[in-house]
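Okay, so here's the structure we're looking at.
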Amino acid sequence: MTPVKCSHITVVIHNSLMERLLDHLNTIGINHLYSLFGRSLLLNEGRGVKSLFFSSDLISESVDVLTFYLPLQYEDLVMKSIIKRCRLDIPGRGSIFSRYVDLHNGNIDELLSSLNTDALPTAEELSDVTLFENLTQILCTMSKGYADELGKVLLHLGVVPTITYATGTGLRDQLGLLRVTIPKDKEFVSIIVGPHEASSIMDKMITWAKLDRPGRGFIWQVPVKKGVVNFKTAQKTIGQAASTEQIIAAIDSLKGDFTWRQGGGVLSESKQRNYYKGTQLIMQVNEGTSLPIIKALMAIGISGATVQPLRTLSPEFGDEHLVVPQEIIRVVVTEDKAKSVLAMAIQQMGAQENSILQNTHIFSLPVIRAFNYINSV
């Protein structure tokens, strides 16, 4: 089957705004949705009486990570309509970004054809909404319990992390008795940054999270087409006429990108590390069916896959939006193995006898650079 290129949209939204988002998506006819529970971090910079009630210097807020697919030509209108409806231009409310991916199997026509274009605002009505294009995404899988410390450092650099949960496989399953010292419960950290600072931030994340040691985790970078990013890094006292985040947002809008924020000397030059390019495969399968695929990956020498619980949503059902519990398998492979691993994954999914197999699919996107312990030595 020839892969179909489309836009994969991710919305990271404050939990309190989820109902508004689902209502809007229902109105414009987007009914094939996938959701992960997550959290976003803030630095606690409270003062006075407020500081008595916060023992930690971090505040964790619940977010929903919602994804769906769009034909390329409707990307701008849909994204801008979401920004306007949910006011994602206000710091602290959420982020939205798109990636161009290749859909390889599943009911692709159904995933892409439900959009009600008559309900979309016109380009003129959305002319005051800005989408930024100088973006890239860094993703990191690490043992549970370490994400907050990494997140704290990222927040001090002005980067807001999103954290979700996963189960890891790979090095842990290859080390015999040593596997008991490497927990299978993982935390999945995602950040969106400008491409010019990505290399330095990624290198620092490897150092801070000790990803060059066995069992500590895995990190990689993928391209982002466009989006709007939440950069509210701290909970501060009320009193200023305009917050720092609001001022930065106004300058971003005037400049049209984030490159003006680059400071001198904040990040040092990257170290010489053994990065490699590759392909990220993301397999969305029905709950309980990921194990045969993971075993098949391990059998051909592909390690480091992570599995996350996923919900398929349909806003047309209102509060009863849970349709099919699923799992999402993520794996990054080197360029020379991408085709064979993809073929194996499609074969494994096709071999499963499941009446709702049409809800499962695989998509891929390029990996700009990746790093793990195995490839560092």
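No value in this document is a laboratory result; all are computed from the given coordinates. Worth saying up front: this structure is predicted, and the values here are computed from it rather than measured. Glycine also receives a Cβ, built like all others from the backbone with ideal geometry; neighbour counts cover every protein chain displayed.
Expressed per residue, the C-alpha convex hull volume of segment 9-123 stands at 121 Å³.
Take the cross-link list 5/186; 210/295; 186/225; 5/277 and give me the ones stretching past 22 Å between alpha-carbons.
Values: 5/186 30 Å; 210/295 28 Å; 186/225 27 Å; 5/277 20 Å.
Going by Cα-Cα distance, 5/186; 210/295; 186/225 fall outside the 22 Å limit.
Residues whose amide H lies under 5 Å from that of residue 367, counting only those 5 or more places away or on a different chain, are 278, 279, 280; hydrogens are built 1.01 Å from N in the peptide plane.
Amide hydrogen proximity for residue 226: with H placed 1.01 Å from N in the peptide plane, the residues at 5 or more positions away or on another chain lying under 5 Å are 98. Take 124-136, 155-167 and order them by the average number of nearby Cβ atoms within 10 Å per residue, most first; the result is 155-167, 124-136. The Rg/Rh ratio for segment 94-135 is 1.04, where Rg is the radius of gyration of the alpha carbons and Rh is the Kirkwood radius. Residues in segment 74-79 carry Karplus couplings, in order, of 9, 4, 4, 4, 5, 4 Hz; the curve used is 6.51 cos²θ - 1.76 cosθ + 1.60 with θ = phi - 60°, and Gly or Pro positions show x. When the charge dipole of segment 1-157 is built from unit charges on Cβ atoms (+1 for Lys and Arg, -1 for Asp and Glu) and taken about the Cα centre, the candidate among 24, 6, 65 whose Cα reaches farthest toward its positive end is 65.
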